[in-house]
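The structure appears below as structure tokens.
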Amino acid sequence: MSHYFTDNRQLPQNRKEFSFRFSSFNYLFTTDNGVFCKNEVDFGTWVLLSNVVKEGVGDSILDLGCGYGPVGVIVKHHFPQSRVIMCDINSRAVELAKINCKNNQTDCDVRVSNRFSDVNEKFDTIITNPPIRAGKDVIYAMFDESYMHLNKAGCLYVVIRKQQGAKSAQAKIASVFGNCDVIDKEKGYYILKATKND
């Protein structure tokens, strides 16, 4: 069975478009079979974006596990002077993310990458809506590797549902970073923030 967190380009294509309004702007996204939440931007991503845009970002941002690209596109639109890299193991998602960057006139660097396999830079901000169904080993590795790819005082933002392990994820991130705060909670979605202090 193919999942959205694998390279599933062999799935039959069935592209569709939908519009998404965020912070008084309208965005157009193209999606397809084999990507996460292909019919709409999910509520957790909306809560994550609302907090990131409110808090602000630095000069370099990574959208880790970008899917078809709503986080990277919207962050780049709000912070056009920042460099945004987007990556995903799913080559179909990356192809769509490139289309969505072009359609929304956002200039991002989009890559196929298994976590950080093809991402060597360091960042001021890493943002992720992690692939819960991939399991804790994958997700926790994302947290470990994110720490290594953040600049000093850089921040990791994660959205995760309470019933899908938000508390254990918070504890894991805190064990890596020495801190992890719940900066927002809406309808069971937790927004976690950790800062690299050394």
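The values are calculated or read from the model by the stated rules, or taken from the named source; none is laboratory data. It should be emphasised that the depicted structure is a prediction, and the values quoted were computed from it without experimental measurement. So basically every Cβ, Gly included, is an ideal-geometry build from the backbone, and we count neighbours across all protein chains shown.
Table for the structure above
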| read-out | value |
| --- | --- |
| Matching option when the condition is crowded, with 19+ Cβ neighbours inside 10 Å and either over 27 Å from TYR27 (Cβ atoms) or not β-branched (Val, Ile, Thr) (or both), among LYS98, LYS193 | LYS193 |
| Subset tally (residues that are in a strand (DSSP E or B) and either among the basic types (Lys, Arg) or buried (at least 24 other Cβ atoms within 10 Å of the Cβ) (or both)) for the stretch 142-153 | 1 |
| Failed criterion for GLY165 (all others in (1) crowded, with 17+ Cβ neighbours inside 10 Å; (2) in contact (Cβ under 8 Å) with a residue 60 or more places away in the chain; (3) at positive phi hold) | (2) |
| In the stretch 71-93, the residues that are surrounded by 19 or more Cβ atoms within 10 Å (Cβ to Cβ), part of a helix (DSSP H, G or I) and modelled with pLDDT under 95 | ARG92, ALA93 |
| Residue identified as under 20 Å from HIS149 (Cα atoms) and of a type in the set (Gly, Ala, Ser) among SER91, SER117, SER24 | SER117 |
| Residue satisfying condition, being under 13 Å from the mean Cα position of the chain (by Cα), surrounded by 17 or more Cβ atoms within 10 Å (Cβ to Cβ), among the aromatic types (Phe, Trp, Tyr) and part of a loop (DSSP other than H, G, I, E, B), within set TYR68, TYR157 | TYR68 |
| Residue in the stretch 2-22 that is over 17 Å from the mean Cα position of the chain (by Cα), modelled with pLDDT of 85 or more, within 30 Å of LYS193 (Cα to Cα) and among the hydroxyl-bearing types (Ser, Thr, Tyr) present | yes |
| Selection status of VAL75, under 15 Å from PHE36 (Cβ atoms) and free of Cβ contacts under 8 Å to residues at least 60 places away in the same chain | no |
| Matching residues, the stretch 45-87, being under 19 Å from SER146 (Cα atoms) and in contact with a Ser or Thr (Cβ under 7 Å, 6 or more places away or on another chain) | VAL57, GLY58, ASP59, SER60, ILE61, LEU64, GLY65, VAL71, SER82, ARG83, CYS87 |
| Set VAL41, VAL35, VAL119, VAL57: member being buried (at least 19 other Cβ atoms within 10 Å of the Cβ), in contact with a Pro (Cβ under 6 Å, 6 or more places away or on another chain) and part of a loop (DSSP other than H, G, I, E, B) | VAL41 |
| Within the stretch 101-116, considering residues that are part of a strand (DSSP E or B) and of a type in the set (Val, Ile, Thr), the one surrounded by the most Cβ atoms within 10 Å (Cβ to Cβ) | VAL110 |
| Residue among MET86, MET148 that is within 19 Å of GLY58 (Cβ to Cβ) and in contact with a Cys (Cβ under 8 Å, 6 or more places away or on another chain) | MET86 |
| Residues within the stretch 122-140 that are modelled with pLDDT under 95 and either in contact with a strand residue (DSSP E or B) (Cβ under 9 Å, 6 or more places away or on another chain) or buried (at least 16 other Cβ atoms within 10 Å of the Cβ) (or both), tallied | 7 |
| Any chance PHE123 is touching a Ser or Thr at 6+ places or on another chain (Cβ under 6 Å) and within 29 Å of SER168 (Cα to Cα) | yes |
